[in-house]
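Written below as structure tokens is the structure these notes are about.
The values are calculated or read from the model by the stated rules, or taken from the named source; none is laboratory data. Computed from a prediction, not measured in an experiment: that's the story for all the values here. Here Cβ is always computed from backbone atoms with ideal geometry, including for glycine, and neighbour counts include all displayed protein chains.
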Amino acid sequence: MSRGDYSDRYGPWALIAGGSEGVGAAFARKLAAGGLNLVLLARKPEPLKALAQQLTEAFVVQVRTLAVDLTEAHTFDRIRQETADVEIGLLIHNAGAENTMADFLDRELANAERMIALNVTGPTRLCHHFGTLMRGRGRGGIILVGTLGGYAGGPGLAMYCGTKAFTYVLAESLWFELRPYHIDVLGLILGTTRTPALARMGMAEDVPGFAAAEPDAVAQEGLEHLADGPIWHANGTEAIAQTVRAMPRGQAVAMIHESSRAMAKLYRPPAEADGNTASRQKNSGADSAAKSREDLTSHTKLT
């Protein structure tokens, strides 16, 4: 869309949850370039302030920042208060990354509850509040960012994958319910994407056979296809998604497990391994990635 199109179709302001880095920051830059004012939410104030300064210096827009923890119940009262005087016409929920891999029972229960708050309670509250306002105005847009991990169980990522499955189904449901009110809803499903969250998790960005997407490209796809809901698979991942959904569930879970292990093995900070060890780890990870890719390709041919 050209400058002005976003505000004409959705309204003058966009709210981005998880808007300080990665895909969220890419959305912010593109929407600011399109003339939308922004409310950016994230936990850390410094990256939010830095991005807001960049955007206001580069574009004629207003940017509000809220350093909030979306897992805390009182956060949503503050969000409502801080946005009561503006028309949020576009809501993007991009929060909810996982930073570690561990079996469900090896984590504290609080970790699971936090993931539910972030990926289930959070988007539920935001969509209900701002969706109600959009419905009353007869226009608006909602993007819920999900992941291919939501299509199958992920050993070591049980709560992350489970809550991202919720994102997928919620997007589909809202897409149908809100169409009569001229509200576009899109579940934007990502594959491996080159983000700071992925690096913090200690995962490789470039696994043989699985090219990582760039945040700017993913955000561009989301905005271009916002009206093409209910689901859009970024970076050409629809074939993989449909294959995983069609596989026998045990086979799909095993494949997700092997792919995750491969990505973890391929990433090792230099301080943790000498050259020979790092080389062996990389080769081992590459072999696992190749096996997962072969399994996926084989199943695709059969179906």
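Numerical summary
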| read-out | value |
| --- | --- |
| Enumerated helices (runs of 4 or more DSSP H) restricted to region 61-180, each holding at least 1 residues that are within 14 Å of the chain's Cα centre (by Cα) | 109-116, 122-137, 158-178 |
| Residue count for region 1-55, restricted to those that are surrounded by 20 or more Cβ atoms within 10 Å (Cβ to Cβ) and in a helix (DSSP H, G or I) | 15 |
| All positions within region 214-273 that are at pLDDT 85 or above, touching a helix residue (DSSP H, G or I) at 6+ places or on another chain (Cβ under 9 Å) and of a type in the set (Lys, Arg) | ARG245 |
| Region 3-26: number of residues that are of a type in the set (D, E, K, R) and either closer than 13 Å to GLU87 by Cα or in contact with a helix residue (DSSP H, G or I) (Cβ under 7 Å, 6 or more places away or on another chain) (or both) | 3 |
| Of residues in region 92-151 being acidic (Asp, Glu) and surrounded by fewer than 22 Cβ atoms within 10 Å (Cβ to Cβ), the one nearest to ILE240 (Cα to Cα) | ASP103 |
| Any chance ILE79 is surrounded by 20 or more Cβ atoms within 10 Å (Cβ to Cβ) and either over 26 Å from HIS233 (Cβ atoms) or out of contact with any strand residue (DSSP E or B) (no Cβ under 9 Å at 6 or more places or on another chain) (or both) | yes |
